[in-house]
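Right, one structure below, let's go through it.
Derivation of every value follows stated rules applied to the coordinates shown; laboratory data play no part. Remember, predicted model here, so these are calculated numbers, not experimental data. Heads up, the Cβs are rebuilt from the backbone with ideal geometry, glycines too, and the neighbour counts pull from every protein chain shown.
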């Protein structure tokens, strides 16, 4: 997840490493700017993590991975001799479980490269201020960076422990959770987290909209899931997505979805009437909601305060959708930090709509879907590939 510079990142409880100490998390910083390297190295130390080294280009970073085996690499995109995009696949070939977070400034080109790096195996990206002074003074950039090191570093250190099966407490009328399917999630297996399933809705109303909320790891998960649902089903209804991203990134993300799904995707616009066969992405830095109108629901964009420390926020879209569509929705919460989407999911379930959540094993971070699952709001918690199958069945009315 990356946010606009004006919005603080969602807060979540500190994640402990297997040793119970942040010092167990080993970090490598690769950036061609000496100022950035120095500042980030200082922040890493002040947060209690172990800095194994800094590198001014990708070649040096690869050498350091071989020597120090870091848990997290903070990797700049633009570097001399060997840039981050070229270095990334070599790093992952050398150390498949290393958690690589891309750092890039807010340009259309860098947004495009960052999203491509996620497809290559990077776990996330951070929007970096354009100037050295901006890096020095940006509390948001520092908070985002430290949070990612904490979360992804803990995931890497947990990889040395054997995975255990999830503990599920199905409601009386709910089916048990299916076994996780194989999925190339970048993070390691997670420990089991108990949750309770919500009873499935009987005589379900046909959905008039597909709602998606996601954050960290979301760009790859959203694209993969929509591709799995298939264009034929997606043409039957509008798809509305809130992915925590800064401006510029959301527009590029929409372009990637158009290419991947064959369905026209774009940032939502104020007063735009939503139509079947279209994908609407909440623009970075603005909340996207819905309003019921005489000619059908329209998009409402606002610049209100952050919700759950996020703008755009999933809760804003979900709560409006509960009013506008009632039970006629299909909703899914995908990978992401924090708990954004839980309150909106509650409003949707109270209106009679079904909510699905991505499972822990295939999530990059099981924050948002885990919050929904633990609140007992999800009627199913499934691997990413099975979410696509379940949603296609809801949309088409055909058995999964």
inquiry  = Can you tell me, using C-alpha contacts under 8 Å and at least 6 residues apart, the relative contact order of the stretch 168-396 as a whole percent?
reply    = 26
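For residue 137 and residue 203, what is the calculated FRET efficiency with R₀ set at 51 Å and r taken between the beta-carbons, to the nearest 0.05?
Working: r = 57 Å, r/R0 = 1.11.
Approximately 0.35, to the nearest 0.05.
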request  = May I ask for the angle, rounded to the nearest 10°, between helix 384-396 and the longest principal axis of the chain, with both axes built from Cα atoms and the value confined to 0 to 90°?
outcome  = 20
task = Within 10 Å of each residue's Cβ, count the other Cβ atoms and sort 287, 244, 68, 256 from fewest upward.
result = 68, 256, 287, 244
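Give the relative contact order (percent, whole number) for the stretch 314-399; include only Cα pairs under 8 Å separated by 6+ residues.
Details: 155 pairs, mean separation 25.2, N = 86.
It rounds to 29 percent for the stretch 314-399.
So for 368, 79, fewest C-beta neighbours within 10 Å to most, what's the order? Please report the intermediate quantities before stating the final value.
Working: 368 33, 79 23.
Arranged by neighbour count, lowest to highest, 368, 79 become 79, 368.
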inquiry  = Below 8 Å, C-alpha to C-alpha, sequence gap of six or more: please give me the relative contact order for the chain in percent.
reply    = 16
task = Taking mean projected area of the Cα convex hull in nm² as the quantity of interest, determine which of [x] 23.2; [y] 21.8; [z] 17.8 was computed from the displayed structure.
result = [z]
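When a/c is below 1.5 the answer is rounded, else prolate if a/b is larger than b/c, else oblate, so apply that to the stretch 22-158 with a ≥ b ≥ c taken from the square roots of the Cα gyration tensor eigenvalues. Kindly include the intermediate steps, with their values, before the conclusion.
Values: a/c = 1.35, a/b = 1.05, b/c = 1.29.
Rounded, because the longest to shortest axis ratio a/c is under 1.5.
Would you list 366, 43 from fewest to most Cβ contacts within 10 Å? Working shown, then result.
Numbers: 366 25, 43 19.
The fewest-first ordering by Cβ neighbours comes to 43, 366.
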Spin-label zone in the stretch 275-305 - amide nitrogen under 20 Å from a point set 7 Å from the Cα of residue 323 along the C-beta vector = 275, 282-283, 286-305
message = Which of 47, 313, 22 ends up with the largest GNM mean-square fluctuation for the chain, with Cα atoms connected below 10 Å?
response = 47
ask   = Helix 58-68 versus the longest principal axis of the chain: what is the Cα-based angle in degrees, 0 to 90, to the nearest 10?
value = 80
ask   = Fully extended, how many nm does the chain gain between residue 259 and residue 86 (0.36 nm per residue separation, minus their Cα-Cα distance)?
value = 60.0 nm
key: Linear extension gain, residue 21 paired with residue 68, 0.36 nm per residue minus alpha-carbon span   = 15.1 nm
key: Ellipticity estimate at 222 nm from DSSP helix runs (n ≥ 4, -39,500 (n - 2.57)) divided over the chain, nearest 500   = -11000 deg cm²/dmol
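I'd like the antiparallel share, as a percent to the nearest 5, of DSSP beta bridges with both residues in the chain. Before the final figure, lay out each step's value.
Numbers: 7 of 51 bridges.
Expressed as a percentage, antiparallel bridges in the chain total about 15.
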note = To the nearest 10 degrees, the tilt of helix 34-46 (Cα long axis) against the first principal axis of the alpha carbons of the chain is 70
note = Expected unfolding gain across residue 398-residue 273 under the 0.36 nm per residue rule, minus the alpha-carbon gap, is 42.2 nm
query = Roughly how many whole Å is it from the C-alpha centroid of the stretch 339-400 to that of the stretch 271-306?
reply = 22
key: For the stretch 168-396: rounded, prolate or oblate by the Cα gyration tensor [a/c cutoff 1.5]   = rounded
